[in-house]
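Read through the structure below, which is laid out as structure tokens, and then see the notes.
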Ligand SMILES: [Zn+2]
Ligand SMILES: [Zn+2]
């Protein structure tokens, strides 16, 4: 592969910076204490989870408010009041932020910050606080992350292709953040998966294709599919299963065409 020169529109964003200049040194256990003692309230968790759910656990206050359909002042008030409570408990001296409003002097207690090339300022949850939240509220954080992904996807779909590509090229590389999913999974019986595929005998039961690729054992590659999804209480039984080529399998999940479903039901009962 030829390595291209970095195009001009790719911007290196700065690392996040401690705008408390070392005055804040709160460890995970201390954040956990604040959560246990109720200094960080359930209301605080609500908006902290929104930062958590944003890429890099960071967001711009105005952008976050826009995405949530709220006025920025609601976030500003909350972040300021939490910063004030924490600074009082730990007797943190006033953080200098010359010429900035009082509120901005309190954000660095809870957040790291960085100034983006587009002029926006991003606040990122302190890593020690992030770890404490993950330990205490994994479900809330997971639910918020899923919600935020949907919102970000809707927003991205509004962009022009050009803008979309510029933003994608400027998004940070490296391993993606993790979060602990707490969704329930259905058990599936591997024997039935194999049986459904054996019954189809290498032929996709929707399109009849036999031209797909072969797996490492040289067998035509098919995927077992539940006509009524397990997640919707469909039975894990051969009479609810078919074997499909990967393309048709995706189609069944994306399009859910009624004629296709009727055709597969008839075949599954054989
Ligand atoms: Zn097919
Ligand atoms: Zn399926």
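The values are calculated or read from the model by the stated rules, or taken from the named source; none is laboratory data. These numbers come from a predicted model, not from an experiment. Because the Cβ atoms are built from the backbone with ideal geometry, glycine has one as well, and the counts that use them run over all protein chains shown.
Brief remarks follow.
Condition check ((1) without any contact (Cβ under 8 Å) to a residue 12 or more places away in the chain; (2) touching a strand residue (DSSP E or B) at 6+ places or on another chain (Cβ under 9 Å)) across all residues:
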residue	(1), (2)
185	yes, no
196	no, yes
206	no, yes
230	no, no
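- Residues satisfying the stated conditions in region 217-228, i.e. in contact with a helix residue (DSSP H, G or I) (Cβ under 8 Å, 6 or more places away or on another chain) and more than 10 Å from ligand 2 (Cβ to nearest atom): 221, 222, 228
- Residue 45 satisfies every condition listed in (1) within 25 Å of residue 135 (Cβ to Cβ); (2) in contact with a helix residue (DSSP H, G or I) (Cβ under 7 Å, 6 or more places away or on another chain); (3) free of Cβ contacts under 8 Å to residues at least 12 places away in the same chain except (3).
Each row is one residue, and each column tells you yes or no for (1) within 33 Å of the chain's Cα centre (by Cα); (2) away from ligand 1 (no atom under 16 Å from the Cβ); (3) closer than 30 Å to residue 136 by Cα; (4) not assigned by TED's automatic domain parsing to the domain that holds residue 54.
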position	(1), (2), (3), (4)
178	yes, yes, yes, yes
204	no, no, no, yes
218	no, yes, no, yes
227	yes, no, no, yes
243	yes, no, no, yes
252	yes, no, no, yes
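- In the set (1) touching a helix residue (DSSP H, G or I) at 6+ places or on another chain (Cβ under 8 Å); (2) touching a residue at least 24 places away in the same chain (Cβ under 8 Å), the condition left unmet by residue 164 is number (2).
- Extreme residue, farthest from residue 25 (Cα to Cα), among residues of region 54-94 that are in a loop (DSSP other than H, G, I, E, B) and touching a helix residue (DSSP H, G or I) at 6+ places or on another chain (Cβ under 7 Å): 71
- Any hit, region 232-240, residues being under 30 Å from residue 144 (Cβ atoms), in contact with a helix residue (DSSP H, G or I) (Cβ under 7 Å, 6 or more places away or on another chain) and loosely packed, with under 15 Cβ neighbours inside 10 Å: yes
- Among the conditions (1) within 15 Å of ligand 1 (Cβ to nearest atom); (2) modelled with pLDDT under 95; (3) surrounded by 13 or more Cβ atoms within 10 Å (Cβ to Cβ), the only one that residue 211 does not satisfy is (3).
- Selected residue (only one of 243, 231, 195 is in a strand (DSSP E or B) and within 16 Å of ligand 2 (Cβ to nearest atom)): 243
- Flag if residue 156 is free of Cβ contacts under 8 Å to residues at least 24 places away in the same chain, closer than 21 Å to residue 69 by Cα and assigned to a helix (DSSP H, G or I): yes
- The set of residues in region 246-264 that are more than 10 Å from ligand 2 (Cβ to nearest atom) and either loosely packed, with under 12 Cβ neighbours inside 10 Å or part of a strand (DSSP E or B) (or both) comprises 254, 255, 256, 258, 259, 262.
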